[in-house]
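Take a look at the structure set out below.
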Amino acid sequence: MSFYTESEERQALRQAVGELGKKYGYAWFDQQARSGGNTSELWQEAGKLGYLGVNLPEEYGGGGGGMGDLSIVLEELGAAGCPLLMMVVSSSIVGTVITRFGTEEQKQRWLPGLADGSTTMAFAITEPDAGSNSHNITTTARRTEDGWSLSGRKVFISGLDVAQAMLVVGRTEDARTGKLKPALFVVPTNAAGVEFQQIEMDLISPDKQYTLFLDDVQLSRDALVGSEDAALMQLFAGLNPERIMASAFAIGIARHALGKALAYVKDRQVWKTPIGAHQAIAHPLAQIKIELELARLMMQKAAALYDAGDDLGAGEAANMAKYAAGEVAVRATDQAVQSLGGNGMTKEYGVAALSTAARAARIAPVSREMILNFVAQHSLGLPKSY
Ligand SMILES: Cc1cc2nc3c(=O)[nH]c(=O)nc-3n(C[C@H](O)[C@H](O)[C@H](O)COP(=O)(O)OP(=O)(O)OC[C@H]3O[C@@H](n4cnc5c(N)ncnc54)[C@H](O)[C@@H]3O)c2cc1C
């Protein structure tokens, strides 16, 4: 298989997931969002069909594939109007970290549920005072006789209402230097001392964001994932899948918006020809098609490097893919609104709400400015300003 032609298995996966996505569709997704519902029904079905765990090892119930496969699942669901935000964290970042660094017991405990969709896991790193500067997080784990006590506050944590557990990025005190260093903990969402409050977002989405309070949460020793000394490296290994999936999320939304715009401009006629014949309408859509293909190519490169075990190479490519995907998602949704004129702002056509969802792809999980900082420093060797 050449890099530019998808294998028959991947084409079949794309096709099958696309069919599942269409069975639900944007009208269903939007209805869930506006009624305060969630996407559990589609999540469960996708899980049973093996799509949510395509990247996880077969011995723990997964499909034995990689991020290339998982990104196809999210992209196709998004293109059908059902971008499942929790796929960016559950089997991708959390599944990856547990697969690569968890103990045998942790793998057996969590991976089969992540693979078949019966378990959803959230990921909590962002803190109100640290923001993009995650080196400044203060959620702290103290050793107790039986394990750990975890305290801190997180913000914008997605999906705590549907998650049974979460991977929390905290810090432990280095025994020798007394300095705090990052560490990763699995925390059940119903543990004593865990509370969360929904943040009212100006975003029409069934996936909700929460402020999370961790107040002296008692955890057993085996809540710590991986080594205390290598947590930073482990975290970075998990962030690449997250960025690849954030790209797939954005590309799916962009494809969905472009599809809606095309259907409309081919049909709508107010002069002699359909409005899609006017270059002021056609060219921006053509540009979006090009940018979409470019973003997807970079996402596929990032996934291929990651799946080949090249974490460093994947890091640069995943950042670039996430940047390109976020940008094209914002442009595609904006141009879709413009192409539909007044109908672009109606609930019936469902494109205006996509613009806010697309903006999330520019901000999370890492903002486009922080990606530009990364590229400026690491790819171009420019000095750091902060
Ligand atoms: C819909 C949604 C879902 C989310 N889900 C999760 C989740 O599940 N788990 C989780 O942990 N987090 C989640 N987040 C949080 C997200 O990762 C953060 O919002 C993001 O990392 C930016 O952090 P901040 O909001 O604190 O912005 P800030 O860090 O305050 O940044 C504000 C602005 O300043 C810019 N900026 C900051 N520093 C620099 C710099 N050095 N150079 C140039 N510009 C800079 C930023 O790019 C941004 O434009 C979610 C956010 C959203 C919107």
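The values are calculated or read from the model by the stated rules, or taken from the named source; none is laboratory data. Computed from a predicted structure; not experimentally measured. A quick note on method: Cβ atoms are made from the backbone with ideal geometry, for glycine too, and the neighbour counts reach across all protein chains shown.
Some points to look at:
- If you filter the stretch 118-128 down to residues that are over 20 Å from ARG362 (Cα atoms) and surrounded by fewer than 23 Cβ atoms within 10 Å (Cβ to Cβ), you find that the one that is nearest to the ligand (Cβ to nearest atom) is THR119.
- Single residue of the stretch 171-199 satisfying the filter (part of a strand (DSSP E or B), at pLDDT 95 or above and out of contact with any helix residue (DSSP H, G or I) (no Cβ under 6 Å at 6 or more places or on another chain)) that is nearest to LEU235 (Cα to Cα): VAL187
- Any chance LEU167 is surrounded by 21 or more Cβ atoms within 10 Å (Cβ to Cβ) and among the aliphatic types (A, V, I, L, M): yes
- Which listed residue is touching a Lys or Arg at 6+ places or on another chain (Cβ under 8 Å) and touching a residue at least 60 places away in the same chain (Cβ under 8 Å), from LEU292, LEU340: LEU340
- Test: ARG109 is of a type in the set (D, E, K, R) and surrounded by fewer than 16 Cβ atoms within 10 Å (Cβ to Cβ): no
- A Cβ distance below 6 Å, combined with a sequence gap of six or more or placement on separate chains, defines the contacts here; from the stretch 117-133, residues that are closer than 21 Å to GLY61 by Cα reach residues that are in a loop (DSSP other than H, G, I, E, B) and more than 8 Å from the ligand (Cβ to nearest atom) in the pairs GLY117/LEU52; THR119/GLN164; THR120/VAL162; THR120/ALA163; MET121/ALA163; ALA122/LEU160; ALA122/ALA163.
- Screening ALA254 on (1) surrounded by fewer than 20 Cβ atoms within 10 Å (Cβ to Cβ); (2) more than 30 Å from THR103 (Cα to Cα) shows it passes everything except condition (1).
- ARG359 within 16 Å of the ligand (Cβ to nearest atom), of a type in the set (Lys, Arg), in the same structural domain as PRO241 (by TED's automatic domain parsing) and surrounded by 14 or more Cβ atoms within 10 Å (Cβ to Cβ): yes
- Being part of a helix (DSSP H, G or I) and within 26 Å of ASP311 (Cα to Cα) is a description that applies to GLU59.
- Look at the stretch 199-212: where a residue is under 21 Å from ARG153 (Cβ atoms) and within 7 Å of the ligand (Cβ to nearest atom) and a partner is in a loop (DSSP other than H, G, I, E, B) and modelled with pLDDT of 95 or more, sitting 6+ places away or on another chain with Cβ atoms under 6 Å, you get GLN209/ILE199; GLN209/MET201.
- Residues located in the stretch 200-231, provided they are part of a loop (DSSP other than H, G, I, E, B), under 30 Å from GLY25 (Cα atoms) and in contact with a Lys or Arg (Cβ under 8 Å, 6 or more places away or on another chain): MET201, ILE204
- Pair list, Cβ < 7 Å and 6+ apart or interchain, from the stretch 355-383 residues that are free of Cβ contacts under 8 Å to residues at least 40 places away in the same chain to residues that are assigned to a loop (DSSP other than H, G, I, E, B): ALA376/LEU382; GLN377/LYS384
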